[in-house]
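To keep things clear, I will list the structure first and then write my remarks on it.
The values are calculated or read from the model by the stated rules, or taken from the named source; none is laboratory data. Small disclaimer: the values here were computed from a predicted structure and weren't measured. Here Cβ is always computed from backbone atoms with ideal geometry, including for glycine, and neighbour counts include all displayed protein chains. Remember, those area values only see protein heavy atoms, side chains included, never the ligands or the DNA or RNA. Shrake-Rupley method; radii C 1.70, N 1.55, O 1.52, S 1.80 Å.
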Amino acid sequence: MTTSEPAPSYPAQRAPCAETLAELDELLIDCRACPRLVEWREETARTKRRAYADWDYWGRPVPGFGPPDASVAIVGLAPAAHGGNRTGRMFTGDRAGDFLYSALYDLGLASRRTATHRGDGLELRGVRITSPVHCAPPANRPTPGERDTCRPWLARELRLLRPTVRSAVVLGAFGWQ
């Protein structure tokens, strides 16, 4: 992103250019379009929660997780400050993820019941997990403006999933909006 480019235009300009989910994820993790979210995610990664003091936090936007040919899309709210922001993977390292991945495992849609970190061996089968906001927000409350700025990432992800996705599970009103 150039210094003359307004920050909110970054996702709108870059996301539609991605031709694959892998390319989209690579573009997304460099996004700095929302100053409040960038400051919060990076500060949280620096100061850390005492229980995770020895972790190297991800501290960047968290890309979607799951295969590119998923038939189910699960849309959450945003990464947790000490979950996805720490681990770099959606719903990983927090209580909501413990519940979600256990349920997906019971349904045969996950290779294991637990999700602790990137590289833990977890694979999803036919499910892709994403969110309308990809950075951990303060107090777990992104603003509508931050959601709107991040929308091109979600829109492109869903468009790339369009050939195979057959259903969406949206967790909460924020995702619906």
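Within the stretch 67-177, considering only helices (runs of 4 or more DSSP H) that don't extend past its boundaries, which have at least 1 residues that are surrounded by fewer than 18 Cβ atoms within 10 Å (Cβ to Cβ) and free of Cβ contacts under 8 Å to residues at least 12 places away in the same chain?
Correct list: 95-106, 144-161, 173-176.
Determine whether residue 5 is more than 28 Å from residue 139 (Cα to Cα), at pLDDT 95 or above and open to solvent by 20 Å² or more (accessible area, probe 1.4 Å).
In short, no.
Do any residues in the stretch 23-43 that are closer than 14 Å to residue 152 by Cα have Cβ atoms under 7 Å from those of residues that are of a type in the set (Val, Ile, Thr) and crowded, with 18+ Cβ neighbours inside 10 Å, where the two are at least six apart or on different chains, and which pairs are they?
Pairs found: 33/149; 34/149.
Restricting to the stretch 26-66, name every residue that is among the hydrophobic types (A, V, I, L, M, F, W, C), in a helix (DSSP H, G or I) and modelled with pLDDT of 95 or more.
Hits for the stretch 26-66 are 27, 28, 37, 38, 40, 45.
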